[in-house]
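**Q** Here you go, one structure.
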Amino acid sequence: MSLDEHLQALTAEWPGDFDARLKALAAFAEAGPSGLGRFSEVVQDRVRSVTARIWATQAIAHIGKDDKKHTARTALTILLSESDPSLRRAALNALGNLKDESVIPLIVGYLNDNTEDESAWFEDDCTVGHAAAKALETIGTTTAKTALSTVKRERAT
């Protein structure tokens, strides 16, 4: 399959073909940063379904590392202003996976967002704030850990 065909499979409407989505993610991860621009367009396209945008977010998290962090970060931070908590949670998870310290202050701003993601009702950490905390834990640097512990301390007082 071409990358365009993989992109179509990855961003298909729900339910789509789960195995095809996973194969598409693998194909883009193997191809490297060449698909980053395409996924950025999908993430920003409000006509696309939430599902398509979330899968594109996952793809960005896998291929947007190293020298492409800036492009990936830009696409993902756009989602943080969306009203849908599923999109905000996906963006925060992906930002954490990029392990980019420059987004720590941005992520900290979402720690107190207690909006529940109804599509994640089966998860204990289904709020946007939990996704922000997880992103900081995933980044894992001293700066991220300090930011998280400072907010936790402030909450306790």
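**Q** Could you tell me which residue of the range 17-41 is modelled with the highest pLDDT, considering only residues that are touching an Asp or Glu at 6+ places or on another chain (Cβ under 9 Å) and under 19 Å from T74 (Cα atoms)?
**A** Step by step, filter the range 17-41, then rank; the result is R38.
**Q** Next question, about the same structure. From T51, T57, which residue is surrounded by fewer than 20 Cβ atoms within 10 Å (Cβ to Cβ), among the hydroxyl-bearing types (S, T, Y) and modelled with pLDDT of 80 or more?
**A** T51
**Q** Then there is this: When you look at D100, is it among the acidic types (D, E), modelled with pLDDT of 85 or more and assigned by TED's automatic domain parsing to the domain that holds A147, yes or no?
**A** yes
**Q** Here are the criteria: (1) closer than 20 Å to T138 by Cα; (2) at pLDDT below 85; (3) hydrophobic (A, V, I, L, M, F, W, C). Tell me which single one L92 does not satisfy.
**A** (2)
**Q** Report yes if some residue within the range 66-75 is farther than 15 Å from K134 by Cβ, surrounded by fewer than 19 Cβ atoms within 10 Å (Cβ to Cβ), aliphatic (A, V, I, L, M) and not assigned by TED's automatic domain parsing to the domain that holds T141; otherwise report no.
**A** The answer is no; no qualifying residue exists.
**Q** If we keep just the residues of the range 119-137 that are in contact (Cβ under 8 Å) with a residue 24 or more places away in the chain and surrounded by fewer than 18 Cβ atoms within 10 Å (Cβ to Cβ), which is farthest from L98 (Cα to Cα)?
**A** Restricting to residues being in contact (Cβ under 8 Å) with a residue 24 or more places away in the chain and surrounded by fewer than 18 Cβ atoms within 10 Å (Cβ to Cβ), the top hit is S119.
**Q** Which pairs do you get when a residue that is farther than 19 Å from D100 by Cα, found in the range 143-157, comes within reach of a residue that is surrounded by fewer than 17 Cβ atoms within 10 Å (Cβ to Cβ) and not hydroxyl-bearing (S, T, Y), reach meaning Cβ atoms under 9 angstrom, with the pair 6+ apart or on two chains?
**A** Hits for this filter: V151/N112; R155/N112.
**Q** Right, here's the next one. Kindly establish whether I60 is within 21 Å of R46 (Cβ to Cβ) and either assigned by TED's automatic domain parsing to the domain that holds L25 or in contact with a helix residue (DSSP H, G or I) (Cβ under 7 Å, 6 or more places away or on another chain) (or both).
**A** So I60 fits the description; yes.
The values are calculated or read from the model by the stated rules, or taken from the named source; none is laboratory data. Keep in mind the model is a prediction, meaning the values are calculated, not measured. Cβ sites come from the backbone with ideal geometry, for glycine too, and all protein chains shown count toward neighbours.
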